[in-house]
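A quick write-up on the structure given underneath.
The values are calculated or read from the model by the stated rules, or taken from the named source; none is laboratory data. All figures in this text were calculated on a predicted structure; none of them were measured in a lab. For neighbour counting, all protein chains shown are included, and Cβ atoms are generated from backbone atoms with ideal geometry for every residue, glycine included. Surface areas here come from the heavy atoms of the whole protein model, side chains and all, with no ligands, DNA or RNA. Shrake-Rupley method; radii C 1.70, N 1.55, O 1.52, S 1.80 Å.
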Amino acid sequence: TYGLEKPQGYSVSFHYNPHVEYHHFGSSHPMKPWRLTLTKQLVLAYGLEYTMQLYEPRPATKEELALFHDREYLDFLSGVTPQNAKPDDPAYLSFGFGGESNDCPVFDGLWNYVSIYSGASMHAADNLINNQSDIAINWSGGLHHAKKNLASGFCYINDIVLAIQHLLTRHQRVLYIDIDVHHGDGVEAAFESTDRVFTMSFHKFGIDRNGYPFFPGTGNINEMGPTDPANRGKGHSLNIPIDDGIDDEQYEWLFGTITDQVIAKYNPNAIVLQSGADSLGGDRLGRFNLNIKAHGSCVEKVKSYNRPLLLIGGGGYTPRNVARTWCHETAVCVGAQLHDDLPTHIPYIQAFQGAENGGGILYPNLHNTKRHDNLNSREHLQKLVEQALENLRYLEG
Ligand code: ZLM
Ligand code: CA
Ligand code: ZN
């Protein structure tokens, strides 16, 4: 098969229900489920489907979603449609829909959409629990902002929380790592009172020149979960706030140094990696300057810890680069190296061609100093690592 060399000995499963692709958040909304179509086309074009177990999981049921979410919230979410929605209804606003930014619109098939991506994450977790695979992948999941009774930041159901809860039925300690450019606040909040989950997020943090904080505005270095010493979850969150324009070398160093220490101190039995692709250079919403291989090196690093691994998607708002990254990271999981020239017989090849779309190759240079100057000094990052390692001393009890 094209570009495929030497698969290694990891059992990898790919959990994907193609019906998720056909949902639309509305014209010009940055979240585009068809980026998953592009991802799948690349994965197939490189022949990666022959190196994994493929599953088409069923949608999650309301009962399953109720393992984390409130009934009233689920009843509202399952009943609301663009036709019956009342944007000035207090319930509508209090559950996080609409509002000024319209981050979480009500669109056709919303309930179907959320049940599909959640079903896939739960099925992937199930495969890990049953030792059916070493690494289970769901690129349609990773919706880390949703709360038990609140839609937030394009996320309605928190599939990550549901998957981690499922992993906890078998594993004592689960580590959650989040490389989306946004803070993984919903996952952090859900497990704030337990020491069986350690959550860590790398993200952009800061106030822009108009006075708005970068969404969701939480996740500074001193936020380590509850402060009450009686709370078992104390110290079981780690946040790494980063400024605009961080480059490959800096990010790989930051990620490697800190994550190695977390593994050594927490020694998790399973790992969940949210691999949001909005931390890439050139992302429509992001601020970082990472290239695809640097982003993928985080997956490689986490794979090297040899624990059951759930790999999920998340943000990513420049679809062609989301597809490139998640295809590359699928290859990392199975241990394949992919040819830089994209196979030319793939559908949607135009999306990847032309200088502005990455010139028909898998690994275009995304680094763009014109968009985001690097505001992260060496000294600042050094201090950040020192503070992060200091925070980890809570794990020593
Ligand atoms: N206003 N349309 C990341 C989630 C990011 C919230 C509210 C003041 C957008 C954005 C929506 C079509 C993940 C905020 C207050 C003015 C924003 C965000 C609809 C463009 C559009 O064109 C758009 C009309 C929309 C939303 C941009 N929203 C950009 N950033 C964030 C949420 C989700 O990647 O982490 C995981 C999937 N929301 O900043 C306001 C606070 C500013
Ligand atoms: Ca993050
Ligand atoms: Zn994001």
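If the chain between Gln83 and Gln53 were fully stretched, how many nm would it gain, using 0.36 nm times the residue separation less the Cα-Cα distance? Each step should come with its number before you reach the end.
Values: separation 30, 0.36 × 30 = 10.80 nm, distance 3.99 nm.
Difference between extended and current length: 6.8 nm.
Counting only heavy atoms of the protein chains, get the accessible area per residue of the chain (1.4 Å probe) and round it to a whole Å² value. Show your work: numbers first, answer last.
Values: 16060 Å² over 397 residues.
Accessible area per residue, the chain: 40 Å².
Treating each Cα of region 1-103 as an identical point scatterer and ignoring solvent, apply the Debye formula and state log10 I(q)/I(0) at q = 0.19, 0.25 Å⁻¹.
Values, matching the q order: -1.10, -1.38.
Within the accessible area of the chain, what % is carbon and sulfur when the probe is 1.4 Å and the other protein chains stay in place? Each step should come with its number before you reach the end.
Numbers: 7730 of 16060 Å².
Percent of accessible area from carbon and sulfur atoms in the chain: 48.
Which value, in Å³ per residue, describes the convex hull spanned by the Cα atoms of the chain?
Numbers: hull volume 54.3 nm³, N = 397.
Taking the convex hull of the Cα positions in the chain, it is 137 Å³ per residue.
Tell me the accessible surface of Tyr176 in square angstrom (1.4 angstrom probe, heavy atoms of protein chains only), to the nearest ten.
Here the accessible area works out near 0 Å².
Report the gain in length on full extension from Asn112 to Asp373: 0.36 nm times residue separation, minus Cα-Cα distance, nm rounded to one decimal.
Values: separation 261, 0.36 × 261 = 93.96 nm, distance 4.07 nm.
Using 0.36 nm per residue and subtracting the Cα-Cα distance, I get 89.9 nm.
Divide the volume of the convex hull of the Cα atoms of region 112-154 by its number of residues and quote the answer in cubic angstrom per residue.
On the way: hull volume 3.5 nm³, N = 43.
Value for region 112-154: 81 Å³ per residue.
Once you charge only the Cβ atoms, +1 for Lys and Arg and -1 for Asp and Glu, what is the size of the charge dipole of region 114-248 about its Cα centre, to the nearest 20 debye? Spell out each step's value before the answer.
Values: 9 positive and 16 negative charges, 109 e Å.
About 520 debye.
Which is the longest part of the chain that has none of the GluC sites (Glu not before Pro) sitting in a DSSP loop with at most 11 other Cβ atoms within 10 Å?
On the way: sites that count: Glu5, Glu100.
With a cap of 11 other Cβ atoms within 10 Å, the longest stretch comes to 101-397.
For the chain, with the dipole built from +1 on Lys and Arg beta-carbon atoms and -1 on Asp and Glu ones, taken about the Cα centre, which of Ala136, Val197, Gln83 lies farthest toward the positive end?
Ala136
About its Cα centre, how strong a charge dipole does the chain have in debye, to the nearest 20, once Lys and Arg get +1 and Asp and Glu get -1 at the Cβ?
Values: 31 positive and 45 negative charges, 87 e Å.
Roughly 420 debye for the chain.
My understanding is that a pair violates if its Cα-Cα distance is over 21 Å; which of Lys234/Lys301; Lys204/Lys370; Lys62/Lys147 do that in this structure? Mind showing how you got there, number by number?
Details: Lys234/Lys301 27 Å; Lys204/Lys370 18 Å; Lys62/Lys147 16 Å.
Over 21 Å apart, Cα to Cα: Lys234/Lys301.
With a cut-off of 20 Å, note down the residues of region 190-207 whose backbone N falls inside the zone around a label point 7 Å from the Cα of Asn222 toward its beta carbon.
What the label zone holds, given the 20 Å backbone N cut-off, is 201-207.
Mind listing the long-range amide H neighbours of Val272? Cut-off is under 5 Å, sequence gap 5 or more, other chains count too, H placed in the peptide plane at 1.01 Å from N.
Leu175, Tyr176, Ile177, Leu310
So how far, in whole Å, is the C-alpha centre of region 92-115 from the one of region 124-143?
26 Å
What Kirkwood hydrodynamic radius, in Å, does region 20-161 give when the mean of 1/r is taken over all pairs of distinct Cα atoms and then inverted? Could you put the intermediate results ahead of the total?
Values: mean 1/r = 0.0623 Å⁻¹.
Answer for region 20-161: a Kirkwood hydrodynamic radius of 16.1 Å.
Label Arg284 and Leu93 with points 7 Å out from Cα along Cα→Cβ: what is the distance between them in nm?
2.8 nm
With springs only between Cα atoms under 10 Å apart, run a GNM on the chain and tell me which of Asp180, Asp228, Asp126 wobbles the most.
Maximum among the listed residues: Asp228.
For every helix of n ≥ 4 consecutive DSSP H residues, a contribution of -39,500 (n - 2.57) applies; sum these over the chain, divide by its total residues, and give [θ] at 222 nm rounded to the nearest 500 deg cm²/dmol.
Values: 11 runs with 126 residues, N = 397.
Theoretical 222 nm ellipticity from helices: -9500 deg cm²/dmol.
Could you give me the percent of Cα pairs per 5 Å distance bin for region 198-289, shortest bin first, beginning at zero and ending with the bin that holds the maximum distance?
2, 11, 19, 24, 19, 13, 7, 3, 1
Between rounded, prolate and oblate, where does region 320-397 land on the alpha carbon gyration tensor, with a ≥ b ≥ c its root eigenvalues, rounded for a/c under 1.5, else prolate if a/b exceeds b/c? Present the calculation step by step, with values, prior to reporting the outcome.
Working: a/c = 4.13, a/b = 1.86, b/c = 2.22.
The shape class here is oblate.
Counting Lys and Arg as +1 and Asp and Glu as -1, what is the net charge of the other residues whose Cβ lies under 9 Å from the Cβ of Thr218? Each step should come with its number before you reach the end.
Numbers: positive: none; negative: Asp185, Glu188, Glu223.
Taking every Cβ under 9 Å from that of Thr218, the sum is -3.
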